[in-house]
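As structure tokens, the structure follows; a few thoughts come after it.
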Amino acid sequence: MNCELLATCSALGYLEGAVYHREPDCLESVKDLIRYLRHEDETRDVRQQLGAAQILQSDLLPILVQYPQDKVLFDAVVRLMVNLTQPALLCFGKVPADAGSRHHFLQVGTYLQAYKEAFASEKVFGVLSEKLYDLLQLDWEQRQEEDTLLIERILLLVRNVLHVPPDPTEEQRVDGDATVHDRVLWALHISGMDDLLKFLASAQTEQQWALHVLEIISLMFRDQSPEDLAVLGQGQAGAEHSEDTRELQSLRQRELAEKRSRALQRPYRHSRFGGSYVLQGLKAIGDRDVVFHKGLHNLKSYSHDLGKEPRRVPRRRQAAPEAEAPHRSARNVRLFLRRFCQDFLEGCYNRLMLLVKDHLVREKAQQHDETYYLWACAFFMAFNRHRGFRPELVSETVGVRAFHFIEQNLTTYYEMALMDKKEAVTWARRMHLALKAYQELLRTVQEMDRSPEPAVRDSSQVIKSNIFYLMEYRELFLTLFRKFDETKQPRSFLRDLVETAHLFLRMLERFCRGRASLVVQSKRVRRKKQPRAPAAAAPQPPSAEELQELWAGLAPQLQACLQGEVPLPEDVVPFDAASETPVEEQRAEALLRIQGCLRDARVPQALRLLRSARDVWPEGDVFGPPSAGPPEETQLLQDILFAPLPQHAPPEPEEPEEEEEEEEEEEETVQVSEKEFNFLDYLKRFACAPVVRALVLLLRGYPRNSARTNHCAARLLHRLARDLRMEPLLFQLSLFALFNRLLHDPAAGAHQELVALAKFILGKFFALAATNKKAFVELLFWKSPAAAREMTEGYGSLREGEGAGRSRAPPWTPQEEQELRELYWKYKEVEGLDVAGAILAQLPAPGRTRRHLVKHLVRLGLIGSARDLPRQRKGTHIVLWTQEQEEELARLFEEFRGSDDVLGRILQHLTARRSRARVVDKLLALGLVATRAELYKRRRRKGQGPAPAPVPVPWGGCWSRGGGPSGCCPITGTQTPPVPIGSPGSAGPGQLEDEDEDPMEGAEEGAGQGLAQRLQQEGLAGPLRWLQSCLRRTAGDREEDGTSHPVPLVPLSEENEDAMENRRFQALLRRLGLRPPESEQETFWRIPAALTPRLLRRAAASITHHGPDPSGCPRELPEPPQCPQDPDPAASPQPPDSESEEPDPSPVQPHTKRQRDLDSEDEASGSSGGSSLALGDRPSPTCRNSP
């Protein structure tokens, strides 16, 4: 034991006889132990050392019992014991997988079991009950926060003690003997704690403890059965004695039958010759017959598996472990628990379940707390049903809402078990709880049908009509049957599933029997298959005559649009913000889009695109001057229509990373309708192999099953065989082996129903085998209804449209098979050809798919499997880069790294055809570039050198009248106005050869003044001042900190938020170099880290310098009073204003509507020229630069 820990434990005190003497430092020592537990390592070493020293048994419990009047010490001891007794699963998070951690996990569990045995004391629970009683006597006005915490800790301590699992190796007790859990329950009962729990469950002022109380009650009844508790007190002639008598009679009958069979096998006269016998017709390992070296009476037990080692089953295929069987507690404990159930049902159940469900619906509870609600529904409703059914005691959990809540949780657990494979066993356990609650609800409704009160019977009819009407409740059992997995779900789950399905079918059958017709809801999922359009070839450009005819037809429509007679669409954006191509380089794309709209006769869209593009790219008047009228716009659209613009090749699709994709896409639509219900049609849904397989699996344990379980399974099989006349559905070898074992069982007299079913099925089989010689082979396979029908009516008797998959393709004729062989050998050796696709195109018979074709090729032996004919993947057909290709890419990068368009030059000269994204990814992987921004296309400023060759414009300078140079195309950016600061197309750090050169030199100050003027005219002066304030604040922060990071623009006012969604305001942000959100995880625009403080101040100044407004009086945006003025570049930067707020580099979550209203006062100055928050700015009382 650690020396500090040992010294702390020694300072607690000592026990002398029955009296405990505490040390003066007892309270501080308890607090030290709490602190040690808070800082223990992952092996829980402190917890293990305290458990080995038995601190709780020898020190803490005596202190608790002898010093309850010391409130501070009592509170500290309870805190320490709550920590020590918490479950091992909470300490470790999960059951450890490695051996070392699992050893520590089991060791902690052993100490918890010792703690639980120490708590089986009336004195301990007496002190806890008295303290809890005193605290509950206080009114809410007198109860302090420490009192509330102490109440919660006492409840948690009781919960932890009851939660400790039993030790099966130590507690090997028979039924009726008192276990440690029983002794703890008895101490809890003697101390009066159970009465306090009932008070907490029923008191109006103690609603916050509802979930704590329900959890404690569920742990109290962990080992109990509601049926046994309900029938308790009826004497030895009750159900308990009857069950024991039935089991003894079954065992006695089996024993007598075995004695009788041994007596018949043993000869009267002993033979000294043991003998060796040859079993004719039974071959050994070689070609000879088996030689049997034992007596003839042992011949029946002979098997080839004798002497062999059993095959080890892998862990992933082992059956799921069963839950612990309920233990029959001592009689006095069960009597007090039965009384507790009665009182709880009469005074607490409805109110407590209402509170708990309210907590669950409003999400006030912890995760998975609904399992306690489901357990309570199943347990107490079963107790009420067996104790003399009184529906008013459980009215809160009986109704359509209860059915819906349980069905919803059951479906959630089912879906999570399919998705969360690692925790599938845990989800299956929760699913079992929900299924038990659902079963008990059905049984309660069934009991309501038998009630003598008409109101109760009417209520049950209403509930049944609702649950039978909805499709979800009818399809639930089919889904659970089909997805049953014995490796994840225990056999007890299958037992409850069969019993619940049998009960549901019987109730539904009786409900339909008394009605002429029953209308139910039906949901149908329609899948509309859409064949994928093949890759179309590049369209041929229209001729001049065709364009003249087209323009003649478009001219009247264009005039109507210009005169306002036809409305223009509003949701047209001339650029793609998600594209990797910078916005400045998307002008050519905008021209192509306008031309495409004109050629498709979409004149309103073309005109709106032209005007929007003019607003986004006003420089050079590429799309006309800002004051262009209808004649100029008409001429522009005509020039664009007739211009032979360079058409882009269709983008290369990325190669699919998955396997072959389907040729057809499916669109699912759910159609809800009503139809007349037919019980036999619904029963046919159960006639499938998964349901029969699950029933056979359950019947394998018929000797251990209850009579009720065997009856439900046999009745379901009888419904499938007799009611549906599908006896061949049960012709299966595993079921026949079960029947053979049943008919030879000496105790078969106790299972007469199963014996009758076995004889009926076997008789039908042998009658069919007399006419169908293939029936014996059919025993090896699970069958569908179509296969069962073929067995009786003859193979090939199904008409077209009957049976699964039989109507999709016609059968293959010998002529078609011969033609298929010839086509396969014809196209097999053609390199690079899709063989299956070519054959499918040549087949004359319609209705065949690629899958049918490949399957038949496999059946004919022409190919080994479907993998021999894979689908041809779309894309470049190049997956990996060879070493030569990597060297070529590195060489091309070094050759063109000084050019303005590095990536474009590489793609032009690359030998292997690659997509743009793959080349960028490879350059990043090789380390040739650090970021994607280094590969952006750069523009040269005026007078900086020769520009790239312009794309010729054949219509001969038709844009020269708009201000652009005649004979040069403004698409390529030749002699274009300067690029705005910080734009993606401008040169950033690391992009120019001369890093010291200021990219703002030579550029016009006020790059965004045109857009800013338009925005100011639209009434967005406030957001412009807010943007200017953010830019200047960020510049000042970067000068002071010396570092830069992306800063999001967080609009806190409604005005700024609306401006951020304005298309022209976003265009201004792009002009200024601000970056839009790149992914779904980003919400706000950001000021890039590459923008220096000088660039940011120039951007802010470009917003303020406007031309004259329409009224003729020039004006400037007012300077924000709290922002520093633009410093002189030669002077040292001024310190920022002391009242300004610091930008916090941590991301800011978007504000809700209520937060925006609350922050409106703080942002009032921002909307009128004051400062605003750029990245969740928070005032710091100590240091501006604190993180």
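The values are calculated or read from the model by the stated rules, or taken from the named source; none is laboratory data. Here the structure is a predicted model, which means the values were calculated and not measured. No Cβ is skipped: glycine too gets one built from the backbone with ideal geometry, and neighbour counts run over all protein chains shown. These accessible areas exclude ligands, DNA and RNA; they are computed on the full protein's heavy atoms, side chains included. Shrake-Rupley method; radii C 1.70, N 1.55, O 1.52, S 1.80 Å.
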Seminar exercise, completed: Only unsatisfied item for GLU215, checking (1) of a type in the set (Asp, Glu); (2) surrounded by fewer than 16 Cβ atoms within 10 Å (Cβ to Cβ); (3) within 18 Å of TYR372 (Cα to Cα), is (2)
Exercise. Limited to the stretch 313-353, what total is found for residues that are within 15 Å of PRO226 (Cα to Cα) and of a type in the set (Lys, Arg)?
Worked result: 5
For this session: Take LEU610 and decide whether it is at pLDDT 80 or above, more than 42 Å from the chain's Cα centre (by Cα), within 21 Å of ALA1012 (Cα to Cα) and open to solvent by less than 30 Å² (accessible area, probe 1.4 Å).
Result: yes
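Okay, residues lined up against (1) at pLDDT 85 or above; (2) assigned to a helix (DSSP H, G or I); (3) in contact with a strand residue (DSSP E or B) (Cβ under 8 Å, 6 or more places away or on another chain):
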{"residue": "GLU831", "(1), (2), (3)": "no, no, no"}
{"residue": "GLN872", "(1), (2), (3)": "no, no, no"}
{"residue": "GLU886", "(1), (2), (3)": "yes, yes, no"}
{"residue": "ARG913", "(1), (2), (3)": "no, no, no"}
{"residue": "ARG918", "(1), (2), (3)": "no, yes, no"}
Exercise. Can you name every residue in the stretch 24-49 that is open to solvent by less than 70 Å² (accessible area, probe 1.4 Å), more than 20 Å from ALA114 (Cα to Cα) and not hydrophobic (A, V, I, L, M, F, W, C)?
Worked result: SER29, ASP32, TYR36, GLU40, ASP41
Problem set entry | Single match in ARG328, ARG351, ARG338, ARG315 (criterion: at pLDDT below 90, within 56 Å of the chain's Cα centre (by Cα) and surrounded by 12 or more Cβ atoms within 10 Å (Cβ to Cβ)) | ARG328
Seminar exercise, completed: Counting only residues that are among the hydroxyl-bearing types (Ser, Thr, Tyr), within 30 Å of the chain's Cα centre (by Cα) and either at pLDDT 95 or above or within 16 Å of ARG510 (Cα to Cα) (or both), the stretch 443-496 contains a total of 1
For this session: Tell me which of these ASP75 doesn't satisfy, since it passes every other one: (1) free of Cβ contacts under 8 Å to residues at least 40 places away in the same chain; (2) open to solvent by 30 Å² or more (accessible area, probe 1.4 Å).
Result: (1)
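Mind listing whichever residues of the stretch 1017-1032 are open to solvent by 20 Å² or more (accessible area, probe 1.4 Å) and part of a helix (DSSP H, G or I)? First the steps, then the outcome.
Pass one, the stretch 1017-1032, residues open to solvent by 20 Å² or more (accessible area, probe 1.4 Å): 1017-1021, 1025.
Answer for the stretch 1017-1032, where residues must be open to solvent by 20 Å² or more (accessible area, probe 1.4 Å) and part of a helix (DSSP H, G or I): GLN1017, ALA1021, ARG1025.
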Exercise. Residue check: is ALA52 open to solvent by 50 Å² or more (accessible area, probe 1.4 Å) and touching a residue at least 24 places away in the same chain (Cβ under 8 Å)?
Worked result: yes
Problem set entry | Residue that is farthest from the chain's Cα centre (by Cα) [pool: residues in the stretch 361-401 that are open to solvent by less than 30 Å² (accessible area, probe 1.4 Å) and of a type in the set (S, T, N, Q)] | ASN384
Exercise. If you check VAL672 against the conditions, is it modelled with pLDDT of 90 or more and either over 30 Å from GLU545 (Cβ atoms) or more than 36 Å from the chain's Cα centre (by Cα) (or both)?
Worked result: no
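Filter the stretch 736-771 down to the residues that are of a type outside the set (A, V, I, L, M, F, W, C) and modelled with pLDDT under 90, then identify the one that is surrounded by the most Cβ atoms within 10 Å (Cβ to Cβ).
The initial filter retains those residues of the stretch 736-771 that are of a type outside the set (A, V, I, L, M, F, W, C), namely 740-741, 744-746, 749, 751-753, 759, 763-764, 771.
The next check asks that each one be modelled with pLDDT under 90; those that pass are 744-746, 749, 751.
Numbers: HIS744: 10, ASP745: 17, PRO746: 14, GLY749: 12, HIS751: 22.
Here the answer is HIS751.
Here's the yes/no breakdown for (1) within 14 Å of the chain's Cα centre (by Cα); (2) in contact (Cβ under 8 Å) with a residue 12 or more places away in the chain:
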{"residue": "PHE403", "(1), (2)": "no, yes"}
{"residue": "ILE406", "(1), (2)": "no, yes"}
{"residue": "MET416", "(1), (2)": "yes, no"}
{"residue": "ALA424", "(1), (2)": "yes, yes"}
{"residue": "ARG430", "(1), (2)": "no, yes"}
{"residue": "GLN439", "(1), (2)": "no, yes"}
For this session: Output yes when any residue across the stretch 1050-1072 is open to solvent by less than 50 Å² (accessible area, probe 1.4 Å), more than 24 Å from ARG587 (Cβ to Cβ) and at pLDDT below 80, and no when none is.
Result: yes
Seminar exercise, completed: The correct count of residues that are open to solvent by 40 Å² or more (accessible area, probe 1.4 Å) and of a type in the set (Ser, Thr, Tyr) in the stretch 877-930 is 2
Seminar exercise, completed: Within the stretch 742-799, the residues that are among the acidic types (Asp, Glu) and either more than 46 Å from the chain's Cα centre (by Cα) or over 26 Å from GLN253 (Cβ atoms) (or both) are ASP745, GLU778, GLU790, GLU793
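Rundown of residues vs (1) under 16 Å from ARG47 (Cβ atoms); (2) out of contact with any Pro (no Cβ under 6 Å at 6 or more places or on another chain), yes/no style:
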| site | (1), (2) |
| --- | --- |
| LYS71 | no, yes |
| ASP75 | no, yes |
| VAL78 | no, yes |
| PRO87 | yes, yes |
| LYS94 | no, yes |
| ARG102 | yes, no |
| PHE105 | yes, no |
| TYR111 | yes, yes |
| ALA114 | yes, yes |
For this session: May I ask you to say which residue of PHE119, PHE125 is in contact with a Leu (Cβ under 6 Å, 6 or more places away or on another chain), open to solvent by less than 20 Å² (accessible area, probe 1.4 Å) and under 21 Å from HIS181 (Cα atoms)?
Result: PHE125
For this session: Would you check if GLU790 is surrounded by 17 or more Cβ atoms within 10 Å (Cβ to Cβ) and either of a type in the set (D, E, K, R) or not in a helix (DSSP H, G or I) (or both)?
Result: yes
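Take SER451 and decide whether it is open to solvent by less than 50 Å² (accessible area, probe 1.4 Å) and small (Gly, Ala, Ser).
Values: open to solvent by less than 50 Å² (accessible area, probe 1.4 Å): yes; small (Gly, Ala, Ser): yes.
For SER451, the condition - open to solvent by less than 50 Å² (accessible area, probe 1.4 Å) and small (Gly, Ala, Ser) - is met.
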For this session: Can you give me the number of residues within the stretch 14-37 that are at pLDDT 90 or above and closer than 28 Å to GLN107 by Cβ?
Result: 10
For this session: Output the residues belonging to the stretch 78-118 that are outside any helix (DSSP H, G or I), without any contact (Cβ under 8 Å) to a residue 60 or more places away in the chain and in contact with a helix residue (DSSP H, G or I) (Cβ under 8 Å, 6 or more places away or on another chain).
Result: VAL95, PRO96
